[in-house]
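Structure record follows, encoded as structure tokens.
The values are calculated or read from the model by the stated rules, or taken from the named source; none is laboratory data. Nothing here was measured: the structure is a model prediction, and the numbers come from that model. Backbone-built Cβ (ideal geometry, glycine too); neighbour counts: all protein chains shown. Surface areas here come from the heavy atoms of the whole protein model, side chains and all, with no ligands, DNA or RNA. Shrake-Rupley method; radii C 1.70, N 1.55, O 1.52, S 1.80 Å.
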Amino acid sequence: MKIHSRRNVSFSWAQAAQIAKQIRNLDGLGDARREQYSTLILLAAASGLRSSELLALKVDDIDFKASTVRVDESSDQRTNGRIGPCKNAAAYRTVALHDAEGKKAMRELKNILVLRPNDDALVFQSKRAGPLLETTILNQGLYPALKALGLPQGGLHGFRRGCNRRWELAGINPAVIRQQMGHSSHRMTALYSGEIPLDQVRAAFSSKLLEKMENEAAA
């Protein structure tokens with residue numbers, strides 16, 4: 001029986017921040033494109049949205065006051081990014097970004113939307129205000145950044161996996177994670193766990209030790 005590897009490419013929040021910073025320093029991209037790509041990376045890592053969902057977001061889907069992102073459309077990359085229905089019923093949701101990572105992503109998002117008064121405008125858009133294509137983002141931004149940082153080549157889905165893992169390690173209720181991720185079942189959510197890198201294992205233990213020390217001090 002063949003045993004499948006659990007080592008799918010997954011990017012942690014710390015890696016996402018590194019990648020976003022590297023994209024901002026890439027040559028050959030205009031300032032607007034660099035800001036879009038780096039912000040998209042942070043939002044992907046903070047929210048766990050599918051790439052098709054990120055690329056279909058409109059300005060009125062973002063609620064900065066409530067710190068939420070509404071998902072009710074999807075970008076079909078097979079038809080030049082045409083905006084249409086979501087993947088399945090579970091994909092229609094409102095994702096809460098209330099942790100430190102989510103708030104950071106929302107601040108960055110607010111910066112690029114300052115000049116977008118039209119609520120129906122796409123959050124991430126081409127020069128002609130149409131949908132961005134994932135292949136363009138990968139080839140112009142993500143892949144060059146990963147190469148420069150010496151990180152494994154992976155697509156935008158790696159940030160979705162990393163977000164799922166971060167919430168798991170933070171102790172978020174599995175039912176909440178399933179809803180945030182837009183999964184149709186707990187089995188699908190479990191597939192995103194994979195192998196946890198040693199640095200994240202050490203961080204989890206350190207966090208628990210610190211929590212124990214703080215509780216003992218308060219007792």
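Once the range 61-82 is narrowed to residues that are of a type in the set (D, E, K, R) and modelled with pLDDT under 95, the residue that is nearest to Ala121 (Cα to Cα) is Arg82. The set of residues in the range 85-119 being over 17 Å from the mean Cα position of the chain (by Cα), open to solvent by 80 Å² or more (accessible area, probe 1.4 Å) and modelled with pLDDT of 90 or more consists of Pro85, Ala89, Asn111.
Among residues of the range 23-44 that are at negative phi, those with a beta-carbon under 8 Å from a residue that is hydroxyl-bearing (Ser, Thr, Tyr) at least six positions away or on a different chain give the pairs Ile23/Tyr37; Ile23/Ser38; Arg24/Ser38; Leu29/Tyr37; Ala44/Ser51. Taken over the range 51-77, residues that are open to solvent by less than 10 Å² (accessible area, probe 1.4 Å), within 21 Å of His98 (Cα to Cα) and among the hydrophobic types (A, V, I, L, M, F, W, C) amount to 4. Condition first: at pLDDT below 95 and surrounded by fewer than 16 Cβ atoms within 10 Å (Cβ to Cβ). Can you find one or more residues in the range 33-50 that meet it? No, that holds for no residue. Pairs meeting the criteria (first residue in the range 72-88 and more than 11 Å from Leu132 (Cα to Cα), second residue part of a helix (DSSP H, G or I) and open to solvent by less than 60 Å² (accessible area, probe 1.4 Å), beta carbons under 8 Å, at least 6 apart or on different chains) are Asp72/Asp61; Glu73/Glu53; Ser74/Ser52; Ser74/Glu53; Ser74/Ala91; Cys86/Glu53; Lys87/Ser52. Of the residues screened, Ala45 is one that is farther than 21 Å from Lys127 by Cα and not charged (D, E, K, R). Checked against (1) within 16 Å of Ala17 (Cα to Cα); (2) open to solvent by 30 Å² or more (accessible area, probe 1.4 Å); (3) within 14 Å of the chain's Cα centre (by Cα), Tyr143 meets all criteria but (3).
Leu149 falls short on exactly one of the conditions (1) surrounded by 14 or more Cβ atoms within 10 Å (Cβ to Cβ); (2) in contact (Cβ under 8 Å) with a residue 12 or more places away in the chain, and that condition is (1).
For Ser67, state whether it is farther than 22 Å from Ala148 by Cβ, touching a residue at least 12 places away in the same chain (Cβ under 8 Å) and small (Gly, Ala, Ser). Taking the combined requirement at face value, the residue satisfies it.
Across the range 4-11, a minimum of one residue is classified as open to solvent by 40 Å² or more (accessible area, probe 1.4 Å), hydroxyl-bearing (Ser, Thr, Tyr) and over 16 Å from Cys163 (Cα atoms).
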